[in-house]
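Encoded as structure tokens, the structure appears first; notes follow it.
The values are calculated or read from the model by the stated rules, or taken from the named source; none is laboratory data. Treat the numbers as computed from the prediction; the structure is a model and nothing was measured. Counting neighbours? That spans all protein chains shown, and the Cβs are built from the backbone with ideal geometry, glycine included. Just the protein is used for accessible areas: all its heavy atoms, side chains included, with ligands, DNA and RNA removed. Shrake-Rupley method; radii C 1.70, N 1.55, O 1.52, S 1.80 Å.
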Amino acid sequence: MMNELAVYAVSTDNSRGRLISEAPPTGRSEFQRDRDRIIHSAAFRRLEYKTQVFVNHEGDLFRTRLTHSLEVAQIGRSIARNLRLNEDLVEAIALAHDLGHTPFGHAGQDALNDCMRDYGGFEHNLQSLRVVDVLEERYAAFDGLNLCYETREGILKHVAKKNIPKLGQIGERFLQNKRPSLEAQLANFADEIAYNNHDVDDGLRSGLITLKQLEEVSIFFRHLTPIKNKYSSLPERRIVYETVRSMINTLATDLIQQSTLNIKDAGIDSLSTVHSAPPLIGFSQQIKKEQQELKKFLYDNLYRHFRVVRMSNKARHTIEKLFFAFSSDKQLLPVKYQKKFEQEGHHAIADYIAGMTDRYAIKEYQRLFTIAEN
Ligand code: MG
């Protein structure tokens, strides 16, 4: 039985709807329909072979963007239910939030952004929106997935000022300094909870960080200690799992409590008051501080670990080489993108590269630059 939605939640009644109007769905809500369209998209399937921190071929147990997105959806949904927000909308945003990511994680995004500097740059949030608005070609009546406004608003978390004028209605809130729905704010926090915790887990699994190092991090230490005391002979891997799951639980609980207070204190009684209020979904001061400490630890010890830096460097090299090859000779592009280039210039190259999975990019690099004997 679904909880009744809070008055400030997004609902079919207060939704701004779809750009192209469609008959209402039967047997499911508008936001369930959005989620279903996202799951059936080609971009969603590609997330399986795109990296978060580790490149896809480094190991089968590390998170990919697909499993990351599923974890974000799971965390988001359970918090949404507690706050009586629209779970289906949170789920749709969570599953779509990384659709526009390039291969090779942040290194790939930064490299493509640099390559596109003279052509407006490359932003993964904007690209995710472009995937669902334009690039998916599945439906007879429209390009893209024709998602509801609120799903698109949640996907477009940030945008560079220079790109706002092109966006129309969906960009207005950035000019008016308005906040997105609580569902969008929540999806963003669910993302943060998911990656901080799975990066701890993947970091330990990879051996790039150690349990001993993590004991210096207060949030990890205070969750680890009772588990170690209670289960002293447990293998390290299971201690890690227990610690991570109890950290996720603490973070979710704190977010629910603090956000409930924020919503109450701000006197929020409708969706429009959410838009004009300051951000309302958030952690308590203590958790905020601890999260910052954990993030800094991960940055210094995992994301800047020489093995990660070395892989990021190869990723950058690969993206740059692909980009410069295509932009100096359009004939190297697949025919579909040659045609697109005539209309959209270098954005066609960015779309092609951003759509690649890690392994596709590696293969394409070999096809362009290596003469193999067989
Ligand atoms: Mg994410």
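Tabulated data
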read-out: Residues of segment 326-374 satisfying the condition of being over 22 Å from Asp110 (Cβ atoms), modelled with pLDDT of 95 or more and among the aliphatic types (A, V, I, L, M); value: Leu332, Leu333, Val335
read-out: Failed criterion for Val53 (all others in (1) within 16 Å of the ligand (Cβ to nearest atom); (2) assigned to a helix (DSSP H, G or I) hold); value: (2)
read-out: Residue list for segment 59-72, restricted to those being within 11 Å of the ligand (Cβ to nearest atom) and of a type in the set (Gly, Ala, Ser); value: Ser69
read-out: Filter pass, Ala94 being within 16 Å of the ligand (Cβ to nearest atom) and under 19 Å from Val10 (Cα atoms); value: yes
read-out: Residue satisfying condition, being away from the ligand (no atom under 15 Å from the Cβ), more than 13 Å from the chain's Cα centre (by Cα) and open to solvent by 10 Å² or more (accessible area, probe 1.4 Å), within set Arg77, Arg46; value: Arg77
read-out: Residue selected from segment 174-189 under the condition modelled with pLDDT of 95 or more and assigned to a helix (DSSP H, G or I), by the criterion farthest from the ligand (Cβ to nearest atom); value: Leu182
read-out: Tally, over segment 268-296, of residues that are open to solvent by less than 50 Å² (accessible area, probe 1.4 Å) and more than 21 Å from the chain's Cα centre (by Cα); value: 10
read-out: Test: residue in segment 190-200 that is away from the ligand (no atom under 14 Å from the Cβ) and within 21 Å of Gln52 (Cβ to Cβ); value: yes
read-out: Yes/no for Ile256 being in contact (Cβ under 8 Å) with a residue 12 or more places away in the chain, under 21 Å from Ala94 (Cα atoms), among the hydrophobic types (A, V, I, L, M, F, W, C) and within 16 Å of the ligand (Cβ to nearest atom); value: no
read-out: Residue match in segment 214-225 (condition: basic (Lys, Arg), more than 22 Å from Ala9 (Cα to Cα) and in a helix (DSSP H, G or I)); value: yes
read-out: Filter result (closer than 26 Å to Ile268 by Cβ and of a type in the set (S, T, N, Q)) within segment 159-187; value: Gln169, Gln176, Asn177, Ser181, Gln185
read-out: Candidates Leu167, Leu234, filtered to the one that is away from the ligand (no atom under 16 Å from the Cβ) and part of a helix (DSSP H, G or I); value: Leu167
read-out: Index of the failed condition, Pro24 passing every other in (1) more than 16 Å from the ligand (Cβ to nearest atom); (2) touching an Asp or Glu at 6+ places or on another chain (Cβ under 8 Å); (3) in contact (Cβ under 8 Å) with a residue 24 or more places away in the chain; value: (3)
